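Take a look at the structure set out below.
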Amino acid sequence: MGLSPVLGAFAWVGWHFSTVLLRPDRTPRYPEQVVAVRGAWSWFVRSRWTEQPGQWGVSWPGGGATVGPPVSGPAAGELVCRAWVGAATPPDGTRVAFDCGLPGFDPGVHGLDFAGVAVPGPLGEYPAWLVPARCPGEPSDTWVVAVHGRGVDRAECLRVLPELHRLGLAVLAISYRNDLDAPPSPDGHYHLGDTEWRDLEAAVAYASAAGAGAVVLYCWSMGAAISGAFLDRSPLANRVAAVVWDCPLLDWRATLREQAAQRRLPRGLIPLVVALTRRRIDVDFDRFDLPRRPPSVRPPTLIFQGSLDTSVPVGPARALAAAAPGLDWPLRYVEVPGAEHTATWNADPAAYERALTEFLGAHVPTCSTPRRVQWHDGVRD
């Protein structure tokens, strides 16, 4: 094969990788398999997802349930054994997806009162869930604005809603452009946070107009890139009292290198992908390297990061934690051993919620109520 065909193939792969990065893709995928279901137990084909620690959601065409952590006793060889939490189970041989959130549910899964609201924004109306604050005394006027990651939806926040509700904080779980139920971007592409931050700005303005005295930004994955751009560019950034980032995307170049490695693509492809993506959506990747170029507004920040994250590399979060003192950035870093991308709560909910409660209690007014709600197979405890 001559040089030109090789270069052509290299360019095609780079363009395809850029397209995968920018194109919203809502096609359901079920990469895992249930081999056998026997009563409360199931055996799954072993993968990095089916052997993840802690409690996980499992979905399949037309159904969903929850499984507990993997157990060593009944597991054998290439199989992983986990117990179902609740009655719903799929048939033997079903293809399933492991999900650390609760896709297909809303805050009612926890027995929480909530309202569907429309946030007016730059491209139209953006659907959101508003879970009002409840407190035995005077409720806090601090609102949490929850920002999900790329390719998922507001259900990503459902795991932490009971704890935020117990603390007496109102929660606004937002959508942004290119979500299934939100306005599309004019070109139909994700812009990696470079335009989506304006949708977050609209949500902060909505919360402020509705009575929020201050805001906590709670963001997963690309939600951190969106919030980082907001903190750097928005005149409303000074309304943010604290930030919580779960497996945050802090450096797009590092993330592309990690995802290329997962796809067994050469590292040398990344400069081409960056150049093509910059040309297509006019994004400045240097502005999305937060350890080297932090936002102009830096509120107290809590980072949860899984040590085995294969979507967003752990390196930038560690680098930011190391650099934070010199940046005058009050930042607490919690690394969860063995946890995959955005699965830090799932690995150890109690430890996660302790860290979250301590952090929020130090920076915003909270209250506590005696009852805590946990989700089990979509049924309130």
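The values are calculated or read from the model by the stated rules, or taken from the named source; none is laboratory data. Predicted model only: the values in this text are computed from it and were never measured. Glycine gets a Cβ as well: all are built from the backbone with ideal geometry, and neighbour counts include every protein chain shown. For the accessible areas, the whole protein counts, side chains as well, though only heavy atoms, and no ligand, DNA or RNA atoms are used. Shrake-Rupley method; radii C 1.70, N 1.55, O 1.52, S 1.80 Å.
For the reader, a short list of remarks on this structure follows.
- Taking Lys and Arg as +1 and Asp and Glu as -1, the other residues whose beta-carbon sits under 12 Å from that of residue 341 total -4.
- Extension gain for residue 40 to residue 79 (0.36 nm times residue separation, less C-alpha to C-alpha distance): 12.4 nm.
- FRET efficiency, residue 125 to residue 51 (Cβ-Cβ, R0 45 Å, nearest 0.05): 0.60
- Computed with a 1.4 Å probe over protein heavy atoms only, the accessible surface of the stretch 197-341 comes to 37 Å² per residue.
- Sequence of 366, 94, 344 when ordered by accessible area, the most exposed leading, probe 1.4 angstrom: 366, 94, 344
- Solvent-accessible surface (1.4 angstrom probe) belonging to residue 134, in square angstrom, nearest 10: 110
- Positive-end residue of 17, 212, 160, charge dipole of the chain with Cβ unit charges: 17
- Cα→Cβ-extended label distance, 7 Å offset, between residue 332 and residue 118, nm: 4.0
- For the stretch 73-232, share of DSSP beta bridges that run antiparallel, in % to the nearest 5: 50
- Applying a length cut-off of 24 Å (Cα extent along the axis) and a mean Kyte-Doolittle floor of 0.5 to the DSSP H helices of the chain leaves 3-22.
- With the cut-off at under 16 Å, measuring from each backbone N in the stretch 140-181 to a point 7 Å along the Cα-to-Cβ line of residue 262 picks out 149-153.
- Each of (i) 75, 57, 40; (ii) 59, 55, 38; (iii) 74, 46, 40 is a candidate for Cα extents along the principal axes in Å; the one calculated from this structure is (i).
- Using a cutoff of 8 angstrom between alpha carbon atoms and counting only pairs six or more residues apart, the relative contact order for the chain works out to 17 percent.
- With the simple spin-label model, which puts each label point 7 Å out from Cα in the Cβ direction, the residue 354 to residue 88 separation comes to 3.2 nm.
- Descending by average beta-carbon neighbour count within 10 Å, the peptides 196-203, 34-41, 109-116 line up as 196-203, 109-116, 34-41, the highest first.
- Between residue 307 and residue 19, the simple label model (points 7 Å from Cα in the Cβ direction) yields a spacing of 4.0 nm.
- Which of 139, 366, 123, positive extreme of dipole for the chain (C-beta unit charges): 123
- Solvent-accessible surface of the stretch 129-178, taken per residue with a 1.4 Å probe and all protein chains present: 26 Å².
- Euclidean distance between Cα centres, the stretch 29-75 to the stretch 301-322, Å: 26
- Under the convention that each Lys and Arg Cβ holds +1 and each Asp and Glu Cβ holds -1, the size of the dipole of the chain around its Cα centre is about 680 debye.
- Put simply, the convex hull of the Cα atoms in the stretch 1-66 casts, on average, a shadow of 7.7 nm².
- No Cys partner within the rule (Cβ under 4.7 Å), the chain: 81, 100, 157, 219, 247
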